[in-house]
Each structure stands twice: as structure tokens, then as C-alpha cells.
There are 2 protein chains.
Amino acid sequence: MTADTLLDLSRSLTGIEMDTAPQTLAAYGSDQGPVLEYVNPLAVVWARSVEQVQQILRWASRTGTTVVPRGAGTGVSGGAHATAGCIVLSLERMNRILEIRPEDELAIVEPGVINADLNAAAAEFGLMYAPDPASYRVSTVGGNVATNAGGLRCAKYGVTRDSVLSLDVVLADGTLISTGQETFKGVAGYDLTSLFTGSEGTLGVVVGITVRLRYLPVDVCTIAGFFPDIESAAAGVLAVGRARVQPAIMELLDAETMVALDTAHGSNLRSRGAALLLIQTDGYGAAAEADVVRSVLGELGGQISLEGSEEALQLVDLRRHSRGDAIHTEHRVGEDVAVPRSRLVSYIAELNRMAREHEVRLKVVAHAGDGNLHPTFWVDKTEGSAGLQRLDAALDESIALALAMGGTITGEHGVGQFKLRWLAQEQQEQVLELQRRIKAVFDPAGILNPGKAILTS
Amino acid sequence: MTADTLLDLSRSLTGIEMDTAPQTLAAYGSDQGPVLEYVNPLAVVWARSVEQVQQILRWASRTGTTVVPRGAGTGVSGGAHATAGCIVLSLERMNRILEIRPEDELAIVEPGVINADLNAAAAEFGLMYAPDPASYRVSTVGGNVATNAGGLRCAKYGVTRDSVLSLDVVLADGTLISTGQETFKGVAGYDLTSLFTGSEGTLGVVVGITVRLRYLPVDVCTIAGFFPDIESAAAGVLAVGRARVQPAIMELLDAETMVALDTAHGSNLRSRGAALLLIQTDGYGAAAEADVVRSVLGELGGQISLEGSEEALQLVDLRRHSRGDAIHTEHRVGEDVAVPRSRLVSYIAELNRMAREHEVRLKVVAHAGDGNLHPTFWVDKTEGSAGLQRLDAALDESIALALAMGGTITGEHGVGQFKLRWLAQEQQEQVLELQRRIKAVFDPAGILNPGKAILTS
């Protein structure tokens, strides 16, 4: 069966780049999410054009082969993990910026364009592509669309969905459709653009993306505030809101995160406080807003960086690039819940209680402006399955509590494969069923990225 | 049949307010959109609770009665027009603000809450609900959700969809579901919230809405610029963008609109220029941005209002409330296309050519910040059907040209019933078919607002 399929693949898709070498299959068999059970794909194919994606999906439909679409493989929920009998369809070589139209403030790109490359090209026109996941230097815009990626600047500029105007999508049967429009506003028909955004390649393969660009800010001010405890730092988040300042970035780091940064970079953050709040204001009001932020945080007992602090800027860079600190002697799982903003403090307090009770290690960073937390839990690998069980128990409890507080199991990483086990806790059966039926409208044979994003039974 | 249905209605739905008086049916038989063929509903029912909406839809499903959900009836595309054999389900009496949570920066409301009432309540906490359609003093939040309403502040704050976090929806069979989450970010499952937003009551009846609130700006500056021609005013729109100023409001009014305002209010706008640009900046950077705007517009030859101009503010108010100037001696149709920003000038020039060629009158206002235009075409009623034919021909040509420029047939009003005739020009058959199949998932019997929003064949 496998050999037949592969033979048919290579005969049918002449001219399409593919590889079945073991090291390639291994490299493309998973993304950066936790792997529950490692599966090799049958083959990896790289599309270079819309037509090739159509050819590949027509072939997959004809042969009943499942297809896992993949950008740069930087997802952290297993949305691009291979599943049994699949081919991996890599979009990374469809990486042309097709058009930047500065006066229309939009760009049209292929899905494999790296987020940072789009930003570099837009910057030449004084523009930016706002969504900035921590992976922005390596992740693709198509992958960002597939997961509806967030990032640091979301509180002010919105998530990926808020920047996507139009999508070209190849459906499971090879049909090419266009959704949305090239204008900032448009309400013709149902919002298929938003439906595809965040659907993790389960409804179609995104082959073209029109995004709205925003203005590169004329000024940026960065403030670092060291606090004696996480409570006062979190109070700072709410106080900045009450002062009616909308920061572009508002990151909250707990004491353990500060220790980790100190260890990695030889800094002395932890000695200066037990919580760190990093705030960036931007635009014409940046300096005035920064003054207000410094004043408000100072009143709460924070040690606040001075105007024009180089260190504050470096700390934001450090935070921005602090993703993916895999340590081979540990089992680590990074979480991605969101809670209503006012619950940040109590949620973090409860996380610490859970970590103590389950005897797991914990550090927490949060995109505090929108209540999106990334707790990382870990245990030593030497503990074996006992450690893994405690890790899982802590994860389960942390998710349940986020939901009880009116939160969500995933703020920006996506459900993928890894978070499926919690989805039914968040969404009622009727909602799960509607999603299954929508999936069936777009992909009746179920060949697109099975076992991801939605619960299929 | 009708009498039987009505008898069944009154027997089955005891305790639910309903009315079948001719004047009530007439008042609720249409919204403010053009009426192609007037149809009376069988009855008007008013729900007071989620349970009553469920009861009504269960009854409608059982009897196969079609249901037209309705907010305040201020839509302008006929999305709430009655259709043959329908009941109108008014949500206007479900008008409680259930909760405002200032620290979470969100509000939970019933669908019948008036947009302005929510804003007044939020203002007590220094917050605002950003979407501000011209009808905001009379339209409901539920109606705004149904049409994904826009408004003046969209360029900076986004449209309705960008403020909706979560929806409670009663499906056609009476099932109550919740979509989305109470957090600013969330990517669990498909984005059903965006799917319902703008679906004009064809997929379900929205009975509860959680919206994100924004900060009431600490400062607002208003600039009025009079220009010798529409070209230089439109150049001003792009120049403000190049200066990296993101105004909250950027309205463009043509000469005919200025004449209309002069006639209605005794002002002398037209004598001061042939195009008017109204710009509002807000937030901590408002004053600095306003300085830049005045400087940029002055360089283009505009006569610019001075700092703190009372008149500029009055003009924005005038513009905000200039909607719906129905004149009984004329046939008027207000359009709602959007084009990429750079095409504003050439599109307006073409509109004027069309008006001349088709011998119809024309005035144009635009939410210029996002390329959304509201041309109003009209002819004298004394001309009879000849005038109407020329009016229709001008409309058709204006739509076709917007599409040819990469635009859309509706920026913010919705397709409703009136714009259905142009939908297939914008969307390919496969996209129309996907929408039909999504409709079938949510409302297999087709009882919800038939003949609106999507092409059913």
C-alpha cells in the first residue's frame, strides 16, 4: 500500500520536488510541539506554485492520501505533526513577496514568506506587518495564518486575523478559491477569511495572503519596571489601563523567568526584583504615554527604568527571543492559556500553588496586555514516568482553572494535536459538532491534516 | 394556512408578546433599505429572554415558518425586510446591559441594547465601545453584529467584528450555543464568532454579546480642511498616511454633500471649497498628530482649521448625523462600496462621469481612511420609471467599477436583500456554494432570514 502510493506519487507528480530520505522524513515529521507518538510521513513534497498545490491535492483526493500542510514547522501545538500514512506538503519554497502597495497599505505574499522578511520589505516604505509571534524571524506568514498567531504587539495591533484581508486557498479537491477583499472593510457574504485563519490547514491550503500593513511608529519608548512581587507588577498592568495608555507591548515575567534569563545571559535581574514588567509605547504619543507609565508604576513601588534606557530595550529583545529554551535533561511543556485581565494575579498565584503541590518546576511569562499567559512547567527527565505524570496533572489543573476563570485553553498557539484533549472542556458538544460539520463541507473525505484543531468524534 | 399558523403561534407561544395589527406589520415589514417588493410579515413577536427566543425558534422549526430577526430596523440593505410567510422576531426588548467589567475591559449585553446606551454606560468607567455606525444613537448592538457594522472610527479601532469576543446564539432548532471566549485572544477551534458576525441572522439568532471595550481617549483633536477640488483632498488622505498618522476619523465630503449640508443647516461650506476633509486624532498623541495633519494638508493647498476649532468639531457632528436624509420627491439610493485607498480619487472621478452620463444626481461621502465610500445617487420621482432605470444603470456601473478596482460591493452595510444582485460579480461560484453549504449546516430547513446575505441558488 505504502509502496504503491509512493510509486503513484512520483509518477503522477512529475516536476514536483519530493523526498523520502529517512533524515528528511524525520526532520519534517513533527513541529516544535510536544510529540505524543512520533509518526513518519510517507514523503515530503515542496510546492513551488499554486498549480502545484492544486496538483498535489487532486492527487491526494484521488488516492485518499492525507496531507499535512507545513510552513516552517515552528508551531508548538503539534499542528504540523505527521500522522499515519500522510504526506507533508511544505509551503516553505513558495516564499515570494508578490506585491507591496504602500499607498493601499497592503502586501500580497506567498505562504512561505518569513514574517521577518515581510517586515523588512515593508519597512522600506515605513510600514510594518504587525503580528509578531516570538518565532517571527523563522516562521512563515502562512503558518501564522494557519494558527492565527499572536505575539507581543497584539494588545494594540491585534492578532493575525486582524491583519488578513484576503486569502487564496486550495480546497481538498484542488479547487482554488479567493476569500475576502483587498479593502480594509468588506462584509460581502460569510467571513470565510476568518474561518480559514486559525483552522490549522484542516479546511484548505492557504496559497496566497493579502495583509494589511500598519505604520512603522515614528517613536518607540521602552520601560522596564522591577517589582518586589508578582502582585504589584500585575497591579501595574491594570493601573496602566486605568491611565488609558494602550501600550504596544506589555510583558510580565515572573521571578523564575528572571532567574532563567540571568543563568543564560549572566544578568542580575532577579537580584533587582521578583517580577519584571516590560512596556513599550509607540507612535506620536509614545513619550507622553511612557511618562504616564513610569509615573503609574512608580506609585506602585516599582523600580522604573529612566527615559531612553538602553537596558529596557535590551530586555524586550531578550524577552522577544526567549522562546524555545529546550533543555535536554528536562521534560518541558509551554502552556498558552488566556484569562480575563483582572484574573492575571490570582491565576499566577494558583499556578504557583499547583507547581508546589504537583512538585513540578514553573516559570511564567505573560502577554499581560491581553491576559495571555505562557507558563512553562518542567520536570527532570531522570524522574521517568512519575515525573511525566505529575507534569501532566499540573497541566490539566492549570487548564481547568483557566477555563473556570472564563479563559481559554489556547490564546495564540492553536489546538493542534497536543491541546485536543482539553478542547471538549472549553466547548460544548453542539459547538464541536458544528465544527465537524463545517470541516465536512470543506473536506468531506477528511484528507486535510486529520486529528488537528477540532475533535472529530 | 396563514390563519392556522397564526392560531398555532398564539396557542404555542403563550406569554410571548406578539402583534398582528396592520400598522405594526407595516412598521416592522421593512428596514431602511430599498424595498424591492413590500411584504407584510404574518406577525411580529418580541422576545424578552433567551428562553423565549428558543421557544420561538422551536415553534418556527416545527411549523416550518420563516423568521426574520430584527434589531432596531436601521439597516440600509434590506437585511430585515419581511419575506413571504415570515414572522419578524424583534430583539429590541432584550435590551439589558448585563455586565460591564472595567478591569477586564469588556461588556456583556443583550442584543437589543442601543449602541449609544452601551457607550454611555462604558463612559462612566472611562471606556468606550468603538464601532460607531452613523445610526449609533438608535441602532442595536445585535443589529451591528448581524451586519458587522462599521462607522467613522474603524480605520483606527476596527469594525464590529474586531470588538466582538463571544456570542450566545440560538440556532434554528432552538439550541443555544456559545462561541469565542471572554479573553482578548483565543484560537480554540474554528472562528464561529466571526462567522456569525455579519451573517445577517441567516445562521442563528444572536442573544448575548461580549464585547471588548477600548479606552476613552484622553484627548481628541479635530481638523477641517477645505480643498479646491476632490483630488487634492484625496491626496491629503494619502499624505496623512505617509506621515504615519493613524487618525481615528478621516471623512471626505464632496461638493454636492457640502451643498446639501448648506441647504439643510444654512452654512456656507461650499463657498469655502469643493471638497472637505474632516480628521480627528485621539489619545496621548492627538495634539502632536493634529499638528502634523495641519502641516501636511496645508502643503497641499487646503484651508485648514486652527487648533481647537469649534467649527471643525461641529462639522464632524454634522457629518456623523447626516445619515438618512430621505427626500420624498426623490428616489435615492445610498451606496456602500470600498476600494483600495489609492483608488479613491479615480473612483470618485468615475462616479461623477457616470452621474453625468446617466443623468442622475450624485453626492459622495467617504470613510476615506479605509477606502469606504457612500455615494448617493438620486432622480426626481416625477420622472417615473425612466428615472429609476437610469438610477439602476448608474448603480450597476458604480458597483462594477468598484469591483474592477479590487473593491467590494459592500464595505459595512451588508448584502441584505438589496445587494444580492451584485454578489455573484464579487464572489466566484465555488465561494457562493461554500456559503450555501455552511448555511445548510446551521439552518438545514432554511427558516432563518431567507433571501438575505448569500445567494441561495
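The values are calculated or read from the model by the stated rules, or taken from the named source; none is laboratory data. What you are looking at is a predicted structure, and each value in this text was computed from that prediction instead of being measured. Glycine also receives a Cβ, built like all others from the backbone with ideal geometry; neighbour counts cover every protein chain displayed. These accessible areas exclude ligands, DNA and RNA; they are computed on the full protein's heavy atoms, side chains included. Shrake-Rupley method; radii C 1.70, N 1.55, O 1.52, S 1.80 Å.
Some notes on this structure:
- Cα centroids of segment B:137-202 and segment A:229-272: 33 Å apart.
- Dipole magnitude for the protein assembly as shown: about 920 debye, using +1 per Lys or Arg Cβ and -1 per Asp or Glu Cβ, origin at the Cα centre.
- Cross-link partners of residue B:439 among lysines (Cα-Cα below 21 Å; sequence separation of 8 or more within a chain): A:439, B:419, B:452
- For the chain pair B and A, the buried solvent-accessible surface (1.4 Å probe, both sides summed) amounts to about 7000 Å².
- Distances between equivalent label points of residue A:266 across the copies, with each point positioned 7 Å along Cα→Cβ, amount to 7.9 nm, shortest listed first.
- Calculated [θ] (222 nm, deg cm²/dmol) that DSSP helices of n ≥ 4 give over chain B, each run adding -39,500 (n - 2.57): -11000 deg cm²/dmol
- Dipole size of segment B:220-320 about its Cα centre, with +1 on Lys/Arg Cβ and -1 on Asp/Glu Cβ: approximately 120 debye, rounded to the nearest 20.
- Segment B:68-93 and segment A:301-323 have Cα centres spaced 54 Å apart.
- The residues of segment A:330-417 present an accessible area of 32 Å² per residue when probed at 1.4 Å with all protein chains retained.
- Cα lying deepest toward the dipole's positive end in the protein assembly as shown, options A:87, A:331, B:393, charges on Cβ: A:87
- Exam field: residue A:39 pseudo-label spacings to other copies (7 Å along Cα-Cβ), nanometres: 4.8
- Length-normalised contact order of segment B:330-415 in % [C-alpha pairs under 8 Å, at least 6 apart]: 43 percent
- Across the accessible surface of chain B, with the other protein chains kept in place and a 1.4 Å probe, carbon and sulfur atoms take up 51 percent.
- Considering only alpha-carbon pairs that sit under 8 angstrom and 6 or more positions apart, the relative contact order computed for segment B:220-320 is 46 percent.
- Placing a label point 7 Å from Cα along the Cα-to-Cβ direction at residue A:228 gives distances to the equivalent points in the other copies of 6.8 nm, listed shortest first.
- Charge-dipole axis of segment A:1-58 as Lys and Arg at +1 and Asp and Glu at -1 on Cβ define it, positive-most pick from A:9, A:27, A:44: A:9
- Debye, to nearest 20: dipole size of segment B:330-415, +1 on Lys, Arg Cβ, -1 on Asp, Glu Cβ: 220 debye
- Between the residues B:133, B:204, B:171, the greatest Cα displacement towards the positive end of the dipole of segment B:97-215, with unit charges on the Cβ of Lys, Arg, Asp and Glu, is found for B:133.
- Exposed GluC sites (Glu not before Pro) absent: longest stretch of chain B, with sites in DSSP loops and at most 10 other Cβ within 10 Å deemed exposed: B:125-457
- Sequence-distant contacts, meaning Cα pairs under 8 Å at least 6 residues apart, place the relative contact order of segment B:97-215 at 31 percent.
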